[in-house]
1. Pairs LYS141/LYS169; LYS169/LYS308; LYS113/LYS245: which exceed 31 Å Cα-Cα?
2. Give the long-range amide H neighbours of VAL56: residues separated by 5 or more places, or on another chain, with amide H under 5 Å away, using H modelled in the peptide plane at 1.01 Å from N.
3. Between ASP315 and ALA45, what is the FRET efficiency for a Förster distance of 41 Å, r being their Cβ-Cβ separation, to the nearest 0.05?
4. Which trypsin sites (Lys or Arg not before Pro) in segment 197-254 pass both tests, a DSSP loop state and at most 11 other beta-carbon atoms within 10 Å?
5. In whole Å, how far is the Cα centre of segment 195-270 from that of segment 58-103?
6. I'd like the FRET efficiency for LYS249 and LYS196, computed as 1/(1 + (r/R0)^6) with the beta carbon distance as r and R0 of 41 Å, rounded to 0.05.
7. In the set (i) 25; (ii) 12; (iii) 35, which value of percent of Cα pairs over 38 Å apart was calculated from the structure you see?
8. Per-residue accessible area for SER207 at 1.4 Å probe radius, Å² rounded to 10?
Amino acid sequence: MIDRLRYPLTRREVLKLGAMAGAVGLLAPPAFSASSKQGQPILRAIPRTSEKLPIVGLGTNNYSPTTPEERAARREVLEHMPRLGGKVIDTAPAYRQSEATLGELMAELGNRKQFFLATKVTAPGGDAARGAQMITESFQKLRTDQFDLMQVHNLDGVDQLMPALREGKSGKRFRYIGITTSDTGAHGRMMEYMRKHPLDFIQVDYSIDNRAAAAEVLPLAQEKGMGVLINMPFGGRRDGNLLRKLGPKELPAWAREIGADSWAQVLLKYVASHPAVTVAIPGTTRLAHLEDNQAAGRGELPDAALRKRMEEWWDANAG
């Protein structure tokens, strides 16, 4: 056992350890009820329109399968996601074959209309014409005639692309428009664009281990009435992966106060409980992970007092 713990645990192993640990101890009653019906997905309103979305979605950076088994696993995720109450899918041309894979799988399943589909565009070197071509290609790859959300990826060409995004929105090619970053160092630039352009959404990096966005970006989104998608709620895919970082740590007793029985649910519930957040979009490629993540979008969310306790625990034990 000692030798085994020298190496990172898989997500499945972490899930099992978290569930076992969460069952231990005398626990306090729930701190905050975020859903009028226990077991129903928690919904958040998009500030601009009051349209409601489930608070846990799907990130697809790793949707370029290399084997039939990997493709089948991703198809299973897309098939079951609506049944579990999920709706928001986020992709991008930069995610290798993600758009094409999603387009193929949704066509096979016939469930495109069950999703809130978001993708992205850039203007490399300020080339708005290249961005327009990228959008055309995204429509083709994703086999759709409308995007729910079109975002400028990593703030690459915001000023150059904004006229096209606004025109696309007025022409109903895009229902909402926004900008994204996954770089804490770009938060200042993001806020400049948030003040300058009439955005419906931003997408930003935020987790219990990376709380920088909560200082200014998320409050500004609230002030401006912008929806917020959260990328990297589990940290980075490699060295920054928080589930790997937590390893065999036992779930604290307070996890049961919010109905969390895995570390993934703890991390997602923390992120989603911020009042500015509309949807968290964890990367998900397997049905078991989908079921675990979607469970975080039900039942209880931490209130302000519990959020503080969670942060204090993290800083002392895992940060």
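The values are calculated or read from the model by the stated rules, or taken from the named source; none is laboratory data. Note that the coordinates shown come from a computational prediction; the quantities given were computed from them, not determined experimentally. Neighbour counts run over all protein chains shown; Cβ positions are idealised from the backbone, glycine included. In case anyone asks, the SASA skips ligands and DNA or RNA and just uses the protein heavy atoms, side chains included. Shrake-Rupley method; radii C 1.70, N 1.55, O 1.52, S 1.80 Å.
1. Values: LYS141/LYS169 20 Å; LYS169/LYS308 39 Å; LYS113/LYS245 37 Å.
Table pairs above 31 Å Cα-Cα are LYS169/LYS308; LYS113/LYS245.
2. Counting only residues 5 or more places away or on other chains, the set is ALA280.
3. 0.85
4. ARG238
5. Computed from Cα coordinates, the inter-centre distance equals 21 Å.
6. On the way: r = 43 Å, r/R0 = 1.05.
Calculated transfer efficiency: 0.45.
7. (ii)
8. 0 Å²
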